[in-house]
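Readers should treat all values here as calculations from the given coordinates under stated rules, not as data from a laboratory. What you see is a predicted model, and the numbers here were worked out from it, not measured in a lab. So basically every Cβ, Gly included, is an ideal-geometry build from the backbone, and we count neighbours across all protein chains shown.
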Amino acid sequence: MKTCIKRRYKLNMGKWMYKLLINSLLVLACLLVSEITIAQSAKKTTTEGKQISSDLFGLFFEDINYSADGGLYAELIQNRSFEYNPEERREWSPFSFWEYITPGFSYGRISAETKSPVHPNNPHYLVLDIEHIGKEDQFKGVAGVGIKNTGFDGMVIRSGEKYNFSMFVRQLSAEPVIFNISIQTPSGKVLAENTITTSKTDWAKYTTTLNAIENCDTASLVLLATTKGKFAIDVVSLFPEKTFKNRPNGLRADLAQVLADMEPRFVRFPGGCLVHGDGLGNMYRWKNTIGPIEERVEQRNIWGYHQSAGLGYFEYFWFCEDIGAKPLPVLPAAVSCQNSGGTWRIGGTGQKALPMGEIKDYIQEVLDLIEWANGPVTSSWGAKRAAAGHPEPFKLQYIGIGNEDKITPEFEERFKMIFSAVKEIHPEITIIGTSGPFHSGEDFNKGWKLANELKVPVVDEHYYTDPNWFISNQYRYDKYSRDAGHVYLGEYASWGNKMRNAIAEAAYMISLERNGDVVRMASYAPMLAKKGFTQWKTDMIFFDNVNIVLTPNYHVQKLFSVNQGDIYYHNVISKDEKDSTIAASCVQDKETSDIILKLVNFSNVQKVMKINLAGFKNILFDAEQSLITGDADAENTFEKPQNVFPVETAVKVSKTFDYAAPAMSLTVIRIKTKK
Ligand code: AHR
């Protein structure tokens, strides 16, 4: 433009009118030239788009807010192994969530025992001694002595569906015991029933299928011994046959489906603070969570409730495979959570480190996980994976060591040892380190310093903060060194589930894409929260036993996740760079060759951005547009779950066009190209 104007003065024309005309023509010409320049540079740059991470957007699952038992894990019985105990919660015992029942004026005795358990990892079981069976009553039904479980605030039963029942029984009297197993409404109406007769005086597993004839959202399981005798009972389980992908010991299909719909590139599990645990004895040890469910070690989690470990490492890995996501297990760095004891008990212990004498074994535990996931069936841990029903390797690529730990000398020493051992023996595994619980500060700096010294390939950052922080910090990663470790933004969320939160996160996610050469992965947190049991301020998906509420944050995460690309183009969209309320990106997905535009407007007025696709060859001008917009305060609730949701439309694009982004919105335009 400048050169053009200079040239104009060299023309030295006479009359001012004539000058004006010529000037105007020149300005027009300059504008045209500059347009062409933009288009040409777009063309040049688009062919040189930068490679970004193909694992950018994934999920983080933590058993917090009753996400696992009573949530994603489809088991309907609560306290199925009678392992709830008063050390977890003063009011709990092996009888918690069970009711001793004696319909028909039957009687007997019940006790909780530990002498000869089904497995030492699962020490408690019940013993029932049935002394008298009363009379069947036409109104109250079958007579007997037994137990009843209401699950997690009632069981959701659907007419026409099958439910798989199982239990372990050890017959303690000579005669077989005949059981009546039923699913009942709160008023005692039988929705499904069947019988089981014991035949063994050793622990044995008995199974039956229950076919439901009616719907009920608040059903119970009733198990009645209908003959005299004595027996021990443990691991009483009831699963809908229809779990996600019909997996045995599987996941609640509707909840798992909304996660699968996000097409995440990876899933980090099983936490969070749950991983490093509430004191050393509470750390999440992966070996306790595999194998038959009756052999798993149950315990209270750091969030103060019980985990059956029914949703364990095997189920997490299989779920990842089922949804095409890379598994990202996180293991403790041999130290407990620095908040240990602080959350649920007074007088916390703070971070505790495993004694050095135990570190060798601990490192072996980490190495064993890699063998369990990836080793051949002939290896000792690979054989266990195969025995569980998965002979093929799980293709583990990433492993996290530590979760936002306080970076103390004890942590550093242990992290270094684990890191070096894994790196040496498994150079094919990408290790993810940690940098404390905040976006800056002492642990953050120390965590990164250690990571840089050790050349840790990826470092996990966590931050929860207000939406304005996300808007003001959109250039955070533009300033990161490209020669250091990559970033995994393992936990982040703006405080809230309103549109303003979701759109602030969307603007920030644009910056993650733009910096996808240094930000390898990112996942919102926490993922799931059960109504009435929510422990974290903001979450992505709320649910109860029947309903699911997808927050605006979920919709934004999903739009980014299903529209990920591998190549980033920096100058296809032009906008006012000084306006931090608007953000935009252009990526291309290698697999489909689709060009994907994302345009974010965090302000309360419409804003225009210019799109120039001239540099792309083979564009098809038919595109799909997804738009989510709403008032800054709009949200989805159990009463109005569909208040805010993305609207999909078919649109026509052209080589260059202006897009007016509505106030408080995210728009994704997916453009096909000719192959
Ligand atoms: O996501 C909830 C908690 O936040 C995680 O357990 C922890 O890592 C973080 O502090």
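Phi-derived couplings, Karplus 6.51 cos²θ - 1.76 cosθ + 1.60 at θ = phi - 60°, listed residue by residue for region 600-614: 10, 10, 8, 8, 9, 10, 5, 10, 9, 10, 9, 10, 10, 9, 4 Hz, with x used for Gly and Pro.
Considering only GLN588, SER159, SER116, and ranking their Cα positions along the charge dipole of the chain that arises from unit charges at the beta-carbon of Lys, Arg, Asp and Glu, the one farthest toward the positive end is GLN588. Histogrammed with a bin width of 5 Å, the alpha carbon distances of region 98-240 distribute as 2, 10, 20, 23, 21, 14, 8, 2, 0 percent, first bin at zero. Here each label is just a point 7 Å from Cα along the line to Cβ, and for LYS287 and GLU241 those points are 3.8 nm apart. Sorting ASP544, ASP234 from the fewest to the most surrounding beta carbons within 10 angstrom yields ASP544, ASP234.
Just want to confirm a number: the relative contact order over the chain, from Cα pairs under 8 angstrom separated by 6+ residues, in percent. Each step should come with its number before you reach the end.
Values: 1643 pairs, mean separation 88.7, N = 675.
Over the chain, the number comes to 13 percent.
Amide hydrogen proximity for PHE179: with H placed 1.01 Å from N in the peptide plane, the residues at 5 or more positions away or on another chain lying under 5 Å are ILE196, THR197, THR198, THR226. Comparing Cα centroids, region 282-314 and region 83-155 end up 23 angstrom apart. Taking amide H atoms as placed 1.01 Å from N in the peptide plane, the amide H of VAL651 lies under 5 Å from those of ALA623, GLU624, GLN625, each 5 or more residues away in sequence or on another chain.
If we count other beta carbons within 10 Å of each Cβ, what is the order of SER111, SER626, fewest first? Let's see the in-between values first.
On the way: SER111 12, SER626 20.
In order of increasing Cβ crowding within 10 Å: SER111, SER626.
For the pair region 435-477 / region 230-271, the C-alpha centres are spaced 33 Å from each other.
Cα-Cα over 31 Å: which of LYS50/LYS558; LYS446/LYS598; LYS449/LYS610; LYS162/LYS228; LYS148/LYS498? Walk me through the intermediate numbers first.
On the way: LYS50/LYS558 23 Å; LYS446/LYS598 35 Å; LYS449/LYS610 41 Å; LYS162/LYS228 29 Å; LYS148/LYS498 41 Å.
As for pairs spanning more than 31 Å Cα to Cα, those are LYS446/LYS598; LYS449/LYS610; LYS148/LYS498.
In the distance distribution for region 265-464, Cα-Cα pairs more than 28 Å apart total 23 percent.
In a fully extended conformation the segment linking SER472 and SER173 would gain 100.4 nm over its present Cα-Cα distance, using 0.36 nm per residue.
Spin-label model, VAL651/LYS135: points 7 Å from Cα along the beta carbon direction are separated by 7.6 nm.
What's the local net charge at TYR524, with K and R +1, D and E -1, over the other residues with C-beta under 10 Å away?
Working: positive: none; negative: GLU491, GLU505, ASP539.
It works out to a net charge of -3.
Each 10 Å bin, from zero up to the one with the longest distance, holds this percent of the alpha carbon pairs of the chain: 3, 14, 22, 22, 17, 11, 6, 3, 2, 1, 0, 0, 0.
Exposure proxy check: HIS306, HIS439 ranked by fewest other beta carbons within 10 Å? Write out the running numbers ahead of the final one.
Numbers: HIS306 24, HIS439 17.
Sorted ascending by nearby Cβ count, the order is HIS439, HIS306.
Near the amide H of TYR463, within less than 5 Å, lie the amide hydrogens of GLU491, TYR492, ALA493, all on another chain or at least 5 residues away, with H placed in the peptide plane. The phi-based Karplus calculation (6.51 cos²θ - 1.76 cosθ + 1.60; θ = phi - 60°) puts the 3J(HN,Hα) values of region 546-555 at 10, 9, 10, 10, 8, 6, x, 4, 4, 4 Hz, whole numbers, x for Gly and Pro.
Annotation for GLU413 and GLN535: the two label points, set 7 Å from Cα along the Cα-Cβ direction, are 3.0 nm apart.
Note on GLN397 and ILE425: the extension gain reaches 8.7 nm, defined as 0.36 nm multiplied by sequence separation minus the Cα-Cα distance. Ordering ALA660, THR208, GLN625 by Cα displacement along the dipole of the chain toward the positive end leaves ALA660 in first place; charges were set at the Cβ atoms of Lys, Arg (+1) and Asp, Glu (-1). Listed by chain and number, the aspartates and glutamates whose alpha-carbon sits under 15 Å from that of LYS652, ignoring those within fewer than 8 places in the same chain, are ASP594, ASP622, GLU624. Each Lys and Arg adds +1 at its Cβ and each Asp and Glu adds -1 at its Cβ; summed about the Cα centre, region 191-288 shows a dipole of about 500 debye.
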